[in-house]
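Taken together, the values in this text are just the output of simple stated rules run on the coordinates, not laboratory data. Computed from a prediction, not measured in an experiment: that's the story for all the values here. All Cβ positions, even for glycine, are placed from backbone atoms using ideal geometry, and neighbour counts span all protein chains on display.
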Amino acid sequence: MRENRTSGTVRGALSNRRSYREIFWKMEKYHNLKIRNIYPEDHVKILEVMPIWWNGRDLTSSVLKVFFIHFKNTSFIAEIGNELAGFLIGFYSQSYENEGYIHFAGVNPEFRREGIGKALYQKFFDICKIRSINTVRSCTSPINKLSISFHTGIGFSIVPGDGIIDGISVSMNYLRENDPKVIFEKKLRYQPLAQRTTKAGRP
Ligand SMILES: CC(C)(COP(=O)(O)OP(=O)(O)OC[C@H]1O[C@@H](n2cnc3c(N)ncnc32)[C@H](O)[C@@H]1OP(=O)(O)O)[C@@H](O)C(=O)NCCC(=O)NCCS
């Protein structure tokens with residue numbers, strides 16, 4: 001898999017700014033990438049890989065099995081063959097009907113920078129759009145520079161907070177006292193109604 005991945009075939013094809021559809025089509029074609037909803041049985045598999053994927057940080061206590069039971073419709077697993085390639089835990093906000101929230105996401109280090117993270121997020125955006133949700137939020141620790149690069153790289157903006165760490169605006173007490181977080185927000189773009197067409201080509 002690795003040989004195929006770095007051979008240049010996929011990377012070359014994906015080197016410029018890439019649309020989600022293009023990424024997904026190529027990942028499916030070359031890597032047999034599948035994205036599916038999560039199941040409770042996936043919880044153990046995810047906990048096993050998390051410390052490796054998070055470079056030794058143990059954040060497993062933030063990924064509860066209850067999410068795999070009650071957020072099945074809004075959470076996803078990416079697989080390449082039988083290999084776990086990535087996951088995303090998300091949900092529709094119960095408090096703000098136009099918002100979705102991505103709680104956690106990770107991609108297998110073997111398959112990074114190939115568009116899988118973006119494909120998982122796009123899957124979540126797609127289901128949000130069905131519900132007319134127009135805002136997706138997420139947050140990360142200011143030490144997680146990779147996560148900051150990823151979110152800003154796929155079009156999230158950083159919500160101004162009440163502190164600055166390493167030049168980045170943070171919210172000091174978002175999830176608990178003195179635990180600064182970088183808050184991300186992305187407005188989802190909808191095609192104007194007039195431009196939407198049916199399969200028959202009619203508006
Ligand atoms: C963050 C993470 C999910 C990204 O997954 P990924 O599949 O590698 O990301 P993608 O290939 O979809 O990247 C999309 C864009 O994000 C940005 N990006 C991703 N990785 C980056 C990196 N290492 N450096 C700079 N920008 C990066 C780029 O803009 C990239 O687009 P490009 O490749 O066209 O330039 C993955 O690195 C990961 O699992 N990290 C550890 C866990 C973690 O920190 N999760 C954060 C959310 S809780």
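The table that follows gives values for the structure above.
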read-out: Residue-by-residue Karplus 3J(HN,Hα) for the range 36-41, coefficients 6.51, -1.76, 1.60, Hz, glycine and proline x; value: 9, 5, 7, 10, x, 5
read-out: Per-pair calculated FRET efficiency, R0 = 30 Å: E177 and I154 via Cβ, rounded to 0.05; value: 0.50
read-out: Linear extension gain, D58 paired with L146, 0.36 nm per residue minus alpha-carbon span; value: 30.0 nm
read-out: Peptide ranges 172-185, 105-118 listed from the most packed, as the mean C-beta count within 10 angstrom indicates; value: 105-118, 172-185
read-out: Placed amide H near S93: partners under 5 Å, 5+ positions off or other chain; value: E99, G100, Y101
read-out: Cα convex hull volume per residue for the range 30-180 (Å³); value: 126 Å³
read-out: Distant-in-sequence amide H partners of V159 (H built 1.01 Å from N, under 5 Å); value: I183, F184, E185
read-out: Whole-Hz ³J(HN,Hα) from phi, Karplus 6.51 cos²θ - 1.76 cosθ + 1.60, for the range 98-104, glycine and proline x; value: 9, 10, x, 10, 9, 7, 8
read-out: FRET efficiency for S132 and R36, using Cβ-Cβ distance with R0 set to 25 Å, rounded to 0.05; value: 0.55
read-out: Calculated from backbone phi, Karplus (6.51, -1.76, 1.60) coupling profile of the range 53-64 in Hz, x at Gly/Pro; value: 5, 9, 6, x, 6, 9, 10, 4, 5, 8, 10, 8
read-out: Trypsin sites (Lys or Arg not before Pro) within the range 44-107, DSSP loop, no more than 16 other Cβ atoms inside 10 Å; value: R57
read-out: Under 5 Å, built H, 5+ apart or other chain: amide partners of F104; value: I89
